[in-house]
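Enquirer: Let me give you the structure first, and then I'll get to my questions.
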Amino acid sequence: MGYAIAEAAIASGHDVTLISGPANLKPPERAHFVAVTTSEEMFAGVQSAVADCDVFVMCAAVADYRPAKISPQKIKKENAGRTLELVPTRDILSAIAHAPRSFLVIGFAAETNDVEENAQKKLRAKNCDMIVANDVSRAETGMETDENEVEIFFRNGERKKIPRASKKIIARELVKIISNTREKSLTKKS
Ligand code: C5P
C-alpha cells in the first residue's frame, strides 16, 4: 500500500520520500528512496524526513516487538524448549504525531475485529489527523493481496469509505482525500 501511495502522490505532482523495510517491489523512480531493515532505522529515517514535509503517511507494518538480545553467534539447538525475551519496539507513528508538528499525520489500522472501535481508539491514542482502517480478516482484501477496501476516520468525527478496488485505485483516492484535507487545514489556519 505504501508503494502504491508513493506512486499516486508522485503522479499528482508531489515530492515523495519513501522509507521502506525489505519489500519485493520496485520503488517509484521519482521517489527519494530510503531502505531500512529495523524499526529504529525506520524511526531515524522518518524523523529526518518529516522535518521538511506537509504530510506523513505511516502504513508500514512495523513489528511490535524485537528480541531483547541478539546473539553474535549461532544459537545451538538444545533438547529443551527455548524462550526468547521480546521487548516492545518504539511506536514510530505515535512518537512523530505527538511531537510538535505542522504537518498532517495519517496512520493505518489493520484489524481483524471491531474495526471501527479499534481504529477510532488508535486515531486518538496515536494523535493522528486521519486513520485508514481495513479489515484484514478477509482473504481477498488487505495484506499480501492486490485489492483493498478501506474506511477513513478523521479527527473531526467525519468518515469516508473507499469501496473494494485495486490498491492503485485506493491509493489515488487516498491521495485526493489527503490533499483536500491538507488544503482545508491550511485554509482554517490562515
Ligand atoms: O497499533 P497498530 O500497530 O495496529 O497501529 C498501526 C499504525 O501504527 C500503523 O500506521 C503503523 O504503521 C504504526 N506503527 C508504528 N510503529 C510501530 C507499530 C505500528 O508506527 N512500532
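Enquirer: With the requirement that a residue be surrounded by 14 or more Cβ atoms within 10 Å (Cβ to Cβ) and either more than 9 Å from the ligand (Cβ to nearest atom) or of a type in the set (K, R) (or both), what does segment 120-136 give you?
Expert: Hits for segment 120-136 are Q120, K122, L123, K126, N127, D129, M130, A133, N134, D135, V136.
Enquirer: Quickly run through segment 161-179 and pick out the residues that are open to solvent by less than 90 Å² (accessible area, probe 1.4 Å) and of a type outside the set (D, E).
Expert: Across segment 161-179, the qualifying residues are I162, A165, S166, K167, I169, I170, A171, L174, V175, I177, I178, S179.
Enquirer: Name the one entry in A49, A60, A31, A97 that is within 24 Å of I131 (Cα to Cα) and in contact with a Cys (Cβ under 7 Å, 6 or more places away or on another chain).
Expert: A97
Enquirer: Is it the case that segment 7-16 has a residue that's in contact (Cβ under 8 Å) with a residue 60 or more places away in the chain and open to solvent by less than 40 Å² (accessible area, probe 1.4 Å)?
Expert: There is at least one residue in segment 7-16 that is in contact (Cβ under 8 Å) with a residue 60 or more places away in the chain and open to solvent by less than 40 Å² (accessible area, probe 1.4 Å).
Enquirer: Where residues in segment 77-112 are part of a helix (DSSP H, G or I) and surrounded by fewer than 17 Cβ atoms within 10 Å (Cβ to Cβ), which of them is nearest to the ligand (Cβ to nearest atom)?
Expert: Selected residue: A95.
Enquirer: With segment 21-72 as the region, which strands (runs of 3 or more DSSP E) entirely inside it contain at least 3 residues that are among the aliphatic types (A, V, I, L, M)?
Expert: The qualifying strands (runs of 3 or more DSSP E) are 55-58.
Enquirer: G2 versus (1) closer than 22 Å to A125 by Cβ; (2) open to solvent by 30 Å² or more (accessible area, probe 1.4 Å); (3) out of contact with any helix residue (DSSP H, G or I) (no Cβ under 7 Å at 6 or more places or on another chain); (4) not basic (K, R): which is the lone unmet condition?
Expert: Here G2 meets the rest and fails (2).
The values are calculated or read from the model by the stated rules, or taken from the named source; none is laboratory data. The structure presented is a predicted model; accordingly, all values stated were derived computationally and were not measured. Note that we place each Cβ from the backbone using ideal geometry, even for glycine, and neighbour counts take in every protein chain shown. All accessible areas refer to the heavy atoms of the entire protein, side chains included, with ligands and DNA or RNA removed. Shrake-Rupley method; radii C 1.70, N 1.55, O 1.52, S 1.80 Å.
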